[in-house]
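Student: Quick one: this structure, given as structure tokens, is what I'll be asking you about.
Where a number appears in this text, it was derived from the coordinates with a stated rule and is not lab data. Quick caveat, the model's predicted, so the values are computed rather than measured. Here Cβ is always computed from backbone atoms with ideal geometry, including for glycine, and neighbour counts include all displayed protein chains.
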Amino acid sequence: MQKINAVKGMNDILPEHSYNWLWLEEQFRVWLASYGYENIRTPIVEDTRLFIRSIGEITDIVEKEMYTFTDSLNGDNLTLRPEGTAGTLRAVIEHNLLYNSTQKLWYIGQMFRHERPQKGRYRQFYQLGVEALGFKGPDIDSEIILMQQDLWHRLGISANDVELQINCLGNKIERALHRENLIKYFEQHLDILDEDARRRLHKNPLRILDTKNPAMQNLVLDAPKLIDHLGDESLEHYTQWKCNLTNLGIKFVENPRLVRGLDYYNLSVFEWVSASLGAQGTLAAGGRYDPLIEELGGKPNYAIGFAIGIERVLLTLQELNKIPLKPGVEVFVANYGANTQSLSFKAAMLLRQNGYHVIQNLGDSSFKSQLKRAAGLNSRVCLIIGETEVVNKQVMVKFMEEQHQEAVPVDNLVNYLDSYLNRITKK
Ligand code: ATP
Ligand code: MG
């Protein structure tokens, strides 16, 4: 039969790597809890209109990256989520979570974008997303940055490994003014614009600033800057934010071209860029998106958030050698000879009930190959159960690294191991 393989750009995460993910997710959970964020889980599939309305019609994602399909059973137009903010906000509004209340939410999960697969860019990838809703800022804007810097620090990514870029996108009126000037400017340089840019010129010229086309970099660099169109209130928000960051000792670079690939942002926006991943260097990105709540049918309110690309963080951590070694199984139980199986089951269960991670020999492998297996599993302890042990109600405890072994009565096994391994009893 012909093999059926995974869909291009969608990866399996096998046991040799999945422990990295479990480890990283545990770091995330501890970190998020320490800032008071709560988990939210929304569907992977949403009504297509949700993404068009929130991300914006003239964006890379909506124009060419969405997995959109018609449900053949009822004709619904659905999309696999390309990002998590739209679904989260939809749920928050649908369940009225902002009624007299603020929310600090996080989620983790697969996102889908039909992009050209390469290192750090996939068609199914994972994001950790954080959304703080109901806070006007700019204090929350600073806490959001502080907490991300704290995460890098916890993971062993130093300030030299990742650069924080920030910008201020102002409000709708300021952006409209900037937009007019941008159009005028680009119209004077039509010859340099590529096809994408020409198409976007009168629809969403801000997107042109986000171009990755090298031939347009100089043009874009000299384009009118949004910052020069900001009014007092936006400038005050931006200045206060920068001032907070400086006081907190956080280094940042102002990037006037940072516009983000989604339409819903206003005021503060930021990206954390790792030097080691080239064009796929953005580890995390986000900003304020106050208008989106109203856009999706909620009452006017405040919102800020960011998303972290988990594969890119893992790639960075691998390059920096910051991922802990795969933990071995604590105890392997070997048995050989007649009637040794039931004591083997008993010892394994006893240890598991006391918090140990145990793998027991199953099947009839030779004693030698069982010991090899114990070593291959990187286990600290191998229990050996032969016919003599069964008669004496004992097990032979072999410490794999220490080259030491000792017969221990089954009834005393847990105490013995607890104290030998200097372990805090998990009873
Ligand atoms: P890029 O400029 O690299 O395309 P983006 O602006 O499209 O990124 P966001 O929509 O802001 O990315 O998503 C937040 C984070 O999710 C990114 O910074 C990145 O780490 C990760 N990410 C985005 N797209 C992909 C992808 N196709 N594969 C892997 N990770 C991704
Ligand atoms: Mg993108």
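Student: For the chain, what is the calculated [θ] at 222 nm in deg cm²/dmol (nearest 500), taking -39500 (n - 2.57) for each run of four or more DSSP H residues and dividing by its residue count? List each step's numbers first, then the result.
Tutor: Values: 14 runs with 150 residues, N = 427.
After summing the helix terms and dividing by the residues of the chain, the value is -10500 deg cm²/dmol.
Student: Based on the Kirkwood radius over alpha-carbon pairs, what is the Stokes-Einstein translational diffusion coefficient of region 331-426 at 4 °C with 1.567 mPa s viscosity, in µm²/s?
Tutor: Working: Rh = 13.1 Å.
My calculation gives 99 µm²/s for D.
Student: How many angstrom lie between the Cα centre of region 151-197 and the Cα centre of region 219-267?
Tutor: Between the Cα centres of region 151-197 and region 219-267 lies a distance of 9 Å.
Student: Can you pull out the trypsin sites (Lys or Arg not before Pro) in region 1-66 whose DSSP state is coil and whose Cβ has at most 13 other Cβ atoms within 10 Å? Each step should come with its number before you reach the end.
Tutor: Numbers: sites: Lys3, Lys8, Arg29, Arg41, Arg49, Arg53, Lys64; in loops: Lys3, Lys8, Arg41.
Listed in order of number, the matching sites are Lys3, Lys8, Arg41.
Student: Turning to a different aspect of this structure: Could you please report the charge total around Ser365, scoring K, R as +1 and D, E as -1 over all other residues with beta-carbon less than 13 angstrom from its beta-carbon? Could the numbers behind the result be given before it?
Tutor: Numbers: positive: Lys368, Lys372, Arg373; negative: Asp364.
Charge balance near Ser365 sits at +2.
Student: Also: Can you order the peptides 302-312, 342-352 by their average number of other Cβ atoms within 10 Å per residue, highest first?
Tutor: The packing order, highest mean first, is 302-312, 342-352.
Student: For the chain, build the charge dipole from Cβ charges (+1 Lys, Arg; -1 Asp, Glu) around the Cα centre, then report which of Cys243, Tyr289, Gln103 sits farthest towards its positive end.
Tutor: Gln103
Student: If you place +1 on the Cβ of every Lys and Arg, -1 on the Cβ of every Asp and Glu, and leave all else neutral, what size is the dipole of the chain about its Cα centre, to the nearest 20 Debye?
Tutor: Values: 48 positive and 53 negative charges, 205 e Å.
I would put it at about 980 debye.
Student: With +1 assigned to the C-beta of every Lys and Arg and -1 to the C-beta of every Asp and Glu, and no other charges, what is the dipole magnitude of region 331-426 about the Cα centre in debye, to the nearest 20?
Tutor: Working: 10 positive and 8 negative charges, 56 e Å.
Here region 331-426 has a charge dipole of around 260 debye.
Student: Using 1/(1 + (r/R0)^6) with R0 = 45 angstrom and r between the beta carbons of Asn392 and Gln27, what's the FRET efficiency to the nearest 0.05? Intermediate values should be presented prior to the final figure.
Tutor: Values: r = 45 Å, r/R0 = 1.01.
Calculated value: 0.50.
Student: Okay, moving on. Over 30 Å between Cα atoms, which of Lys212/Lys326; Lys203/Lys251; Lys119/Lys251; Lys8/Lys203; Lys322/Lys368 qualify? Could the numbers behind the result be given before it?
Tutor: Numbers: Lys212/Lys326 38 Å; Lys203/Lys251 35 Å; Lys119/Lys251 28 Å; Lys8/Lys203 32 Å; Lys322/Lys368 35 Å.
Check vs 30 Å cut-off fails for Lys212/Lys326; Lys203/Lys251; Lys8/Lys203; Lys322/Lys368.
Student: Report the Cα centroid-to-centroid distance between region 297-369 and region 1-60 in angstrom, as an integer.
Tutor: The two parts, judged by their Cα centres, are 21 Å apart.
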